[in-house]
Amino acid sequence: MFDGLLAFGHSIARFGTPTVIGLALLASLVGVIIGALPGLTATMGLALMTTLTLKLPSDQALLILICTYVGAIYGGSRSAILLNIPGTPASAASCLDGYALARQGLAGRAMGIATSGSVLGTLIGMVFLAGFTPVLGNLALKFGAYEFFWLALFGVLIAGTLTGDDPLKGWIAGLAGLVVATIGQEPQYAYERFSFGLRDLAGGIQLVPALVGAFGFAELLTAMRDRQAPVKINPFDTVIPKLADVTRHWRTILRSGLIGTGVGIVPGVGEDVAAWSSYAAAKRASKTPEEFGKGSIDGLMAAETGDNACVPGAVIPVLTLAIPGSAPAAVLMAAMIIHGVRPGPLIMVENPQFVYDVVAMMLFATIGILIYGLTLTKLLVQVLRVPQHLIVPIIFVLCTVGAFAISGRLFDIGVMLAFGIGGFVLRHFGYPMAPLVLGIVLGDLLEKNLRRALVLSDGDLTPFFTRPISASIAALIAVTVAWKLWSLLRGAR
Amino acid sequence: MSSLQVSRADGFGGAAWMALGLALMAGAWRMDRFEQMGGTLYTAPGLVPGLYGLLMLVLGAALAWRSRQAPPATAGTPARPPLLNRRVLLMLVLTLGYAAVAVGRLPFVPATAVFVALFCALYDDRKAGWRRWGGAALAGMLTALVVMLVFERVFLVRLP
């Protein structure tokens, strides 16, 4: 406990320089703007910022990425409240009561509630990130190939189940991601698979260009398909949060913080599910559930606390298991690897200070969103008025440069374009993108551990189902699949 | 897109996934098994892609089967926008022309300036005449210069 506090204090002291604080504030602002602009998501923002920060020292680069992540999830609430358009999928639940409050002339109060909920949610998540990561890290040391295989499969499966409207299409998207991960040299014999003699494909598909395509270019195509509706922003009152809004709803804040963090820890689920779960729980617990959707402060507080608490939660499995808790966390994990950090069970053995560095970075990001939440409302309103035809080509230029920057290959621009067009088509037909990304990220882990486990057991499948942790995850997967298959069959009848 | 169109699209989608699954299984079967190096079934490079192919075949079949069970379209079913329209096609021409053709072959700054200017001018239907083209040219030049400065000079990232 005291060791943890000491390490956290050390991280704060190390990051407390004017340069680092300046970078944190700038990155939080970039994140808030990315989140506020409909069509630009946290995943896309993180992928673009990863390429921009390639040459920075690793601690500064990761600070920028974490601040962008926290800022983007918070920023989505601005357009949800002012325009009734969620800036990111995580803010969809905030539209219901945030926009209803705005229509009653209480947009400022709604933004104040969103700010206080987001700040407190991130703080609750941070406490768990600091306290739970060492515990889970020690537990993860007991994991073997069997457990990691199941965990990777669980991540892809649960992302497919929960992130779209149709689990079957979610599973197919996840499987497509796993297939993409098999392209290039396989881990054991360096045998080239599905490279069709192309030298550029022999190294496999790089994650960042694929992500920039699937989340960047595809989103731009979707956004441009429809003519932009004229922006009509409701007038707003003061954005300073009322203390009474916080004290009166402390139960909702605590509950949503716990739910958000918990959802974040589950591999592959993400902030949107955290927001909706927190919202649903708040509605169930409320004495006035009929007010939900009509401007309920409780509802808005729950959604905003839940989605921001999910951010530190989603980083916990990244650090301890090298399995991302959400799509943006998958990009963050890729960036950590690019910058020489090795997330996974050994992190508490090899680099325990890094965990507290991440907590400190989250704290700087939280301060950033608090400052911008209280001061920058008018600027953000102006940002929302920037026309689509100006933003889209600029973002596309960043996508192109970002795809190229990772390895300096024109081939990666082609990967970005292919994933963008493919993602646009798949999205149109109802296939979610998050499982696809999780599949690409977890494909290597899944394959390595499946083959390792099979070699260890000489093809005997029993250890997959008899080791306690392995059996628990397998049972969870079986229940999830059975439940969803039953729903699908019932729906088809 | 009506529910009938969705089910038809899912039927085609299911068939496409099944074809991909079969192709994956065939590709996996033809991969080297490294038996001369003591390789077994569990170390074969084709094992995992083959399993994925099988799963893809099953899931594709499930999607195709479900599309046949879908109820017929009812009046009042909300229609989805079409996959492609004039705006998307124009964007595809502009973006592919820029990223797949111009970048890497032409200097970055002029290529980017022309792309952004063309994009702004063609999609901006609020202004007309020289104001539209003048504003678009300014936006193009500024974007190209700022991106070049930020990436190359501030963050030391090489541009294409």
Rg and Dmax of the protein assembly as shown, Cα atoms, in Å?
24.3, 76
Under a GNM of chain B (C-alpha, springs under 10 Å), which listed residue has the highest mean-square fluctuation: B:Val88, B:Val150, B:Val116?
B:Val150
Relative contact order of the stretch A:41-135, defined on C-alpha pairs under 8 angstrom at six or more residues apart (%)
19 percent
Can you list the equivalent-ellipsoid semi-axes of the stretch A:239-278, largest first and in whole Å, using the square root of 5 times each Cα gyration tensor eigenvalue?
24, 10, 7
Spherically averaged projected area of the stretch A:303-451 from its Cα convex hull (nm²):
12.2 nm²
Could you order the peptides A:134-141, A:399-406, B:28-35, A:359-366 from most to least packed, using the average number of other C-beta atoms within 10 Å per residue?
A:399-406, A:359-366, A:134-141, B:28-35
State the number of lysine pairs found in chain A whose Cα atoms come within less than 28 Å, restricting to pairs 8 or more positions apart or on distinct chains.
14
What residue among B:Met37, B:Met25, B:Met56 shows peak mean-square fluctuation when chain B is described by a Gaussian network model with Cα springs under 10 Å?
B:Met37
Per residue of B:35-48, what is the mean number of Cβ atoms on other protein chains within 10 angstrom of that residue's Cβ?
5
Rg/Rh ratio calculated on Cα atoms of the stretch A:1-124 (Kirkwood radius)
1.06
Using the reciprocal of the averaged 1/r over all distinct C-alpha pairs, how large is the Kirkwood radius of the stretch A:127-185 in Å?
13.5 Å
For the stretch B:95-160, report the translational diffusion coefficient in µm²/s to the nearest whole number, using Stokes-Einstein at 37 °C, 0.692 mPa s, and a Kirkwood Rh over Cα pairs.
265 µm²/s
Which three numbers, in whole Å and largest first, are the semi-axes of the equivalent ellipsoid of the stretch A:245-326 derived from its Cα gyration tensor as √(5λ)?
26, 11, 8
Out of A:Ala330, A:Thr375, A:Val311 - ranked by how far each Cα lies towards the positive end of the dipole of chain A, with unit charges on the beta-carbon of charged residues - the top one is A:Thr375
How far is helix B:108-123 tilted, in degrees, relative to the longest principal axis of the Cα atoms in chain B, given as a value from 0 to 90 rounded to the nearest 10?
90 degrees
Can you give the angle from 0 to 90° between the axis of helix A:388-405 and the longest principal axis of chain A, with both taken from C-alpha atoms, to the nearest 10?
30 degrees
Counting Lys and Arg as +1 and Asp and Glu as -1, each charge on the Cβ, what is the dipole of the stretch B:16-160 about the Cα centre in debye, to the nearest 20?
540 debye
When the dipole is taken about the Cα centre of chain A, and only Lys, Arg (+1) and Asp, Glu (-1) are charged at their Cβ, what size is it in debye, to the nearest 20?
840 debye
Of the peptides A:178-186, A:211-219, how do they stack up when ordered by the mean number of other Cβ atoms within 10 Å, highest first?
A:211-219, A:178-186
Degrees, to the nearest 10: A:250-265 long Cα axis against longest axis of chain A
20 degrees
Dipole of the stretch B:13-160 (Lys/Arg Cβ +1, Asp/Glu Cβ -1, origin at the Cα centre): which of B:Val109, B:Gly13, B:Leu54 lies farthest to the positive side?
B:Val109
Helix-only [θ] at 222 nm, chain A, -39500 (n - 2.57) per DSSP H run of 4+, per residue, nearest 500, equals -24500 deg cm²/dmol
Enter the mean number of other protein chain beta carbons within 10 Å of the beta carbon of each residue in B:89-100, as an integer.
5
Stokes-Einstein diffusion coefficient for the stretch B:4-160 at 10 °C in a medium of 1.306 mPa s, Rh from the Kirkwood formula over Cα pairs: what value in µm²/s?
76 µm²/s
Shielding by other protein chains, A:402-415, mean Cβ within 10 Å:
3
Descending semi-axes in whole angstrom, ellipsoid equivalent of the stretch A:78-171, from the Cα gyration tensor
36, 21, 6
Of A:His10, A:His389, how do they rank once you tally other Cβ atoms within 10 Å and put the fewest first?
A:His10, A:His389
Averaging over every viewing direction, what projected area does the convex hull of the Cα atoms of the stretch A:402-481 cover, in nm²?
7.9 nm²
Wrap a convex hull around the Cα atoms of the stretch A:195-353, take a quarter of its surface area, and give that in square nanometres.
14.8 nm²
FRET efficiency (A:Asp460, A:Lys55; Cβ distance; R0 56 Å; to 0.05) is 0.70
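FYI, it's all coordinate maths here, none of it is from the lab. Since the structure is predicted, the reported quantities are computational estimates derived from the model, not experimental observations. Because the Cβ atoms are built from the backbone with ideal geometry, glycine has one as well, and the counts that use them run over all protein chains shown.
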